[in-house]
1. On the first, second and third principal axes, largest extent first, how far apart are the outermost C-alpha atoms of the range 58-109 in Å?
2. Count neighbours as other Cβ atoms within 10 Å of each site's Cβ, and list the trypsin sites (Lys or Arg not before Pro) in the range 31-82 that are DSSP loop with at most 15 such neighbours.
3. Counting only C-alpha contacts under 8 Å and six or more residues apart, can you give the relative contact order of the range 13-178 as a whole percent?
4. To the nearest 20 debye, what charge dipole does the chain have about its Cα centre, counting +1 at the Cβ of each Lys and Arg and -1 at the Cβ of each Asp and Glu?
5. Under unit Cβ charges (Lys, Arg +1; Asp, Glu -1), what dipole magnitude, rounded to 20 debye, does the range 1-98 have relative to its Cα centre?
6. Counting only heavy atoms of the protein chains, get the accessible area per residue of the range 13-178 (1.4 Å probe) and round it to a whole Å² value.
7. For the chain, what does the helix formula give at 222 nm: sum of -39500 (n - 2.57) over DSSP H segments with n ≥ 4, over the residue count, nearest 500 deg cm²/dmol?
8. What is the pair-distance distribution P(r) of the chain, computed from all Cα-Cα distances in 5 Å bins starting at 0, with each bin given as a whole percent?
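The values are calculated or read from the model by the stated rules, or taken from the named source; none is laboratory data. Quick caveat, the model's predicted, so the values are computed rather than measured. Cβ placement follows ideal geometry from the backbone for every residue including glycine, while neighbour counts extend to all protein chains displayed. Please note that ligands, DNA and RNA were not included when accessible areas were found on the heavy atoms of the full protein model with its side chains. Shrake-Rupley method; radii C 1.70, N 1.55, O 1.52, S 1.80 Å.
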Amino acid sequence: MPKDVKSGYFTPVFLNLGYEATSRVRLFTGIGYGSGKDKLEWSPNYKDTDTIKYSISTKTHVVAVPLTVQVIVLKAFNRFPVYVTGTALTALGTTKAELSETLHGVTTSQHEKEHGINLFATAGIGFNYKVSKQLYGYVEWLAFKQNLTGKNSFDYDWEQYASRGRRFYKSLGVGINYKL
């Protein structure tokens, strides 16, 4: 598969449940789903008149389960507790790829399907903002992000090749929590 085609990449959306173990320690788990797709078409001379053309497309679907711990390290202001966070995320996914070759108008295709499990780890710092007794928002920055089972997240998911500003932006998380 050409390296210009992304495969196996996903951006999940999660539904999480949390438990407040102590006044300073919170535990979260949940389930997430994410998908991704990519397509690339080319010919040897990159001209419409080429007699041979190639096309490759990929589709990925992933179910992910995170386990997160947050520890409040600073409660100087009751509305803005600062915490450190760490997450281990297991992702089970399937990627389907189709490679087509068209030679003089005749197309032949090859299909592949891969599935596997990846384990990711993240760590960072964040703060909460208490809106009401049950509702609070959060902002966090993940300084450490690693795929523990491979290097396939280095470029596309976390853009480690990008400028520091873009890497910082891609490491921010914003959300809302509702406390039952």
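1. For the range 58-109, the Cα extents along the three principal axes come out at 72, 19, 12 Å.
2. In loop regions of the range 31-82 (DSSP not H, G, I, E or B), the sparsely surrounded trypsin sites (Lys or Arg not before Pro) are LYS47, LYS75, ARG79.
3. Working: 369 pairs, mean separation 26.1, N = 166.
For the range 13-178, the relative contact order is 16 percent.
4. Working: 22 positive and 14 negative charges, 212 e Å.
It works out to roughly 1020 debye.
5. Working: 12 positive and 7 negative charges, 77 e Å.
Once rounded to the nearest 20, the dipole reads 380 debye.
6. Per-residue accessible area for the range 13-178 comes out at 67 Å².
7. Helix contribution divided over all residues of the chain: -1000 deg cm²/dmol.
8. Histogram of Cα-Cα distances, whole percents per bin: 1, 7, 13, 17, 14, 12, 10, 8, 6, 4, 3, 2, 2, 1, 0.
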